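Single-structure report; data block below.
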Amino acid sequence: MIGQKTIASYFSSKTNTNTRNPSEVSGNGEEENPPQQVAPGKKARVDRGDEETQPLKPSCPLSPEQLSRIERNKRAALLRFAARNVPEGFGESWKKELLQEFNKPYFMKLMEFVALERKRYTVYPPPDLVFSWTQLCGIEDVKVVILGQDPYHGPNQAHGLCFSVQRPVPPPPSLENMYKELKSDIEGFEHPGHGDLTGWAKQGVLLLNAVLTVRAHQANSHKERGWEALTDAVVSCLNRTQHGLVFMLWGAHAQKKGSSIDRKRHHVLQTAHPSPLSAHRGFLGCRHFSQTNEILVKAGKTPIDWKAL
């Protein structure tokens, strides 16, 4: 009848709008590129190929002048931040080179440790003398570096320079051996009658201990608290920024600390420590003081007047 469906029409297959071409079906019966299911309310993502992997380019690139100004502002901000952590009495020329050390966690912990030690015990040297080596000898004036270990731990001895003691304290045994070697090595040298080596520091001799503070009467009591990292940074800075320095490395400890020094860039003199326990193993008779002056003169530099104490 007109308008009525035949029985066969109820069994005919419906037209499938998602029908795939047989070529799109893989051999195992699965579609090679099945259509993505899109969640209700979301729009299908349009594949833009390599477009999305390309980095975004700034619409207005910065000029060299702008980049330079940004870098200057960053450095100024770091300087202001680090200035808050600069310890008392730290020399200006050294401060510029070692500024990044003051913001490091080890240095902040070290300063807290030393402050707490001073509250509980007597600590040498006094706060205003811990960094006297930076005040007496600017980094640009350094000619010679002598590395020590630990400050003297007796009253009125340590004042920030290795092997040196304040007047009128008599020279310790290691310094007495240094004077003995100087008398045989440097013409006209006489025992000065004291142990204050400030006169050397003012001429460009950096007298640097590995550890810069100590608890009274307890040698090495501030060892491995952070000072070694700072003084390693000092040695590294000198090695990197200066030329033709003479490093005097006496004893295994100093030689280990100076192991990274560039021997092609600087001069390294090594021997035993001047301590009475080891001076006879090579320190006495080493002639390091006269050798140092020979190196300096050859480089066109003013030699050290070892007698000016």
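What the table shows:
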quantity: Cβ-based net charge around LYS301, under 12 Å, with every Lys or Arg adding one and every Asp or Glu removing one; calculated: 0
quantity: Cα Rg, Dmax, region 156-294, angstrom units; calculated: 15.1, 42
quantity: Under 13 Å from the VAL86 label point (7 Å along Cα→beta-carbon), backbone N, region 123-146; calculated: 135
quantity: Radius, Kirkwood style, for region 68-216 when every pair of distinct Cα atoms is counted (Å); calculated: 17.0
quantity: Gap separating the Cα centres of region 162-189 and region 230-276, nearest whole Å; calculated: 21
quantity: Cα gyration tensor category, rounded, prolate or oblate, for region 235-309 with a/c compared to 1.5; calculated: oblate
quantity: Region 69-299 - charge dipole about Cα centre, Lys and Arg +1 at Cβ, Asp and Glu -1, debye rounded to 20; calculated: 840
quantity: Summed residue charge, Cβ within 14 Å of TYR121's Cβ, Lys/Arg positive, Asp/Glu negative; calculated: +4
quantity: Rel. contact order, % - alpha carbon contacts under 8 angstrom, at least six apart, region 69-299; calculated: 21
quantity: Potential lengthening between THR122 and ASP232 on full extension [0.36 nm per residue; Cα-Cα distance subtracted]; calculated: 37.0 nm
quantity: Selection of trypsin sites (Lys or Arg not before Pro), region 216-309, meeting DSSP coil and at most 10 other Cβ within 10 Å; calculated: ARG263, LYS264
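Computed from the coordinates by the stated procedures, all read-outs in this text should not be read as laboratory data. This structure is a prediction, so every number in the text was calculated from the model and none was measured. Using ideal geometry, Cβ is built from the backbone for each residue, glycine included, and neighbour counts are taken over all protein chains shown.
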